[in-house]
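Okay, so here's the structure we're looking at.
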Amino acid sequence: MTPGALTGKRVVLGVTGSIAAYKAVSLLRALTKQGASVSVVMTKAATKFVTPMTFEVLSGQPVTTDLFEAHQEMKHLSIPEGANAIVIAPATANFLAKSAVGLADDVLSTMLLTSRCPLIVAPAMDGDMWTHPTVQDHVQTLRSRGAIVLDPEEGPLASGQIAQGRLAAETRILESIENLLLPLSDLRGQRILVSAGPTQEALDPVRYLSNRSSGKMGYAIAEAARARGADVVLVSGPTALTPPPGVRVIPIITASDMAEALSAHFDWSSIVVMAAAVADFRPKAPAAQKLKKGTGAAPALELERVPDILAMLSAKRASQILVGFAAETQHLVEQAAQKLAAKGLDLIVANDVTQAGAGFGSDRNAAIILSRTGIRQTFSLRPKTQLAHDILTTIVEFAKKEPRKPTPASAR
Ligand code: CTP
């Protein structure tokens, strides 16, 4: 991290009662060296391991340990105010449980309920505790709410056991704080073409065939790419979403409009992310006038195939990175791998659309990303805004390792 990189950032460092509490002293030093203003909040148990005075001297700020003292000044409410992040390091199994269920029996757990700022949690505990299903459930709950939980590392523990339970290395904790607080500019110079939303295929002038896509995933990717410095063109089917700031949006209705808009910007682009849910079939001969109910039998619907846009782009690409999505209801990885190869893609983001709380319309999603080079990354359920960054980071990593020109679909 560049010295002073966190100047102007406010961090709340929560320390709980683990032997690893002493490592929080060094973390605090590192954060203040980077220019961050750090308020330390300790649980009662933490004070048995390190004195509040140590943190007070090093942070240059009073340390909060007592809910009732804090309460007199309503401090449990005001501490996180204006904070850019809350970092709990180390977090005990007990603290994970309290934060997962929303228990508020001390100043730190109460503060978590009053705060809405991003949360980083670095657990430390005995290996058997870490792998206990209850602890894992709590970790999963925290992650599903958007918290960044840094898995503990394997090594010798205070109990004498060699297992996974050591507090994440300071460099890892610092890196995740930096990723959270410092705007990335790793996509500067990239021109990203994103598609989002459903397409609508007319049956007649008033009716259409469409799907349940809300466009949220594609919009989140466009917004995140812009924030990371890319020039972004978003080709969007009909959605109820607000255009992301700084992104050029091209509204379209049908799959063939989408194909046209994407083709027109394809040569300009360096990365294409095809998050749209494009129709696979459309009415063969949409009626020019509204179909009347009449009194006879219901009309039969004749459909025709819609050409695959991704495969078409893949066949004519120069050096663009092509990223597709695969919305599946079964055999997620197999189906996605098959699409990755068939469409000549670099990466594919596979979603299980039957997973509770994920997929179409939801604000959250889980994904497995596969690459043609064998990368396989799993992202558990998380806000689409966060998954958007994870997808972009995977693309950036892929591009760094695989700068060579890909083979178009037609040559396979
Ligand atoms: N796609 C496309 N053109 C189409 C249909 C889909 O470019 N006519 C893209 C989607 O935007 C997505 C990827 O192909 O990035 C996979 O879409 P998906 O609907 O999961 O798969 P399909 O190829 O349509 O196959 P199936 O519906 O049989 O699962």
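The values are calculated or read from the model by the stated rules, or taken from the named source; none is laboratory data. All values derive from a computational prediction rather than experimental measurement. Cβ atoms come from the backbone with ideal geometry, glycine included; neighbour counts cover every protein chain shown. We work out accessible area using only protein heavy atoms, side chains counted, and drop any ligands, DNA or RNA first. Shrake-Rupley method; radii C 1.70, N 1.55, O 1.52, S 1.80 Å.
The residues of segment 327-381 present an accessible area of 45 Å² per residue when probed at 1.4 Å with all protein chains retained. Only aspartates and glutamates eight or more places from Lys33 in sequence, or on another chain, were considered; those with a Cα closer than 19 Å are Glu56, Glu170, Glu175, Glu178. As a calculated quantity, the FRET efficiency between Ala297 and Asp363 at R0 = 51 Å, using C-beta atoms, amounts to about 0.75. Per the Debye formula with a single identical scatterer at each Cα and no solvent contribution, what log10 I(q)/I(0) holds for segment 191-411 at q = 0.08, 0.15, 0.16 Å⁻¹? Here the Debye-derived log intensity ratios amount to -0.28, -0.95, -1.08.
Only protein atoms count toward the accessible area here, which uses a 1.4 Å probe; on segment 199-286, the carbon and sulfur part of that area reaches 52 percent. When the surface is traced with a 1.4 Å probe over the full set of protein chains, Thr242 keeps roughly 110 Å² accessible. For the chain, modelled as a GNM whose springs connect Cα atoms under 10 angstrom apart, the maximal fluctuation among Arg372, Arg207, Arg226 occurs at Arg207. Bridges between two residues of the chain, per DSSP, are antiparallel at a rate of about 30%. Springs join every pair of Cα atoms under 10 Å in this Gaussian network model of the chain, and among Ile369, Ile250, Ile348 the largest mean-square fluctuation is at Ile250.
Taking a ≥ b ≥ c as the square roots of the Cα gyration tensor eigenvalues, with a/c under 1.5 meaning rounded and otherwise prolate when a/b beats b/c, else oblate, which class fits segment 10-181?
rounded
Between Ala97 and Arg248, residue separation times 0.36 nm minus the direct Cα-Cα distance comes to 49.9 nm. Taking label positions 7 Å along the Cα-Cβ direction at both Glu175 and Ala341, the computed distance is 3.3 nm, reported to one decimal. Helix content alone sets the calculated 222 nm mean residue ellipticity of the chain: runs of n ≥ 4 DSSP H residues at -39500 (n - 2.57) each, divided across all residues, give -10000 deg cm²/dmol.
These residues, Asp106, Asp280, go from largest to smallest accessible area, 1.4 Å probe, as Asp280, Asp106.
Residues Thr373, Thr199, sorted by accessible area with the largest first, give Thr373, Thr199 [1.4 Å probe; ligands and nucleic acids excluded]. Among the listed pairs Lys316/Lys339; Lys316/Lys343; Lys343/Lys400; Lys316/Lys400; Lys339/Lys401, a Cα-Cα separation exceeding 19 Å is found for Lys343/Lys400; Lys316/Lys400; Lys339/Lys401. Working note: Cα gyration tensor of the chain, eigenvalues times five, square-rooted, sorted largest first, giving semi-axes of 48, 23, 20 Å.
For the peptides 142-149, 47-54, the ranking by mean Cβ contacts within 10 Å, running from highest to lowest, is 142-149, 47-54.
Distance distribution note for segment 298-343: the fraction of Cα pairs above 13 angstrom is 66%.
What length, rounded to one decimal in nm, is gained on full extension from Asp151 through to Ala285, with 0.36 nm per residue of separation minus their alpha-carbon distance?
42.7 nm
Can you give the FRET efficiency to the nearest 0.05 for Glu69 and Ala356, using r as the Cβ-Cβ distance and R₀ = 41 Å? For Glu69 and Ala356, the calculated efficiency is 0.45.
What the Cβ-Cβ distance of Asp128 and Ala264 gives, at R0 = 56 Å and to the nearest 0.05, is a FRET efficiency of 0.40. Share of pairwise Cα-Cα distances greater than 18 Å in segment 333-396 is 34 percent (whole percent).
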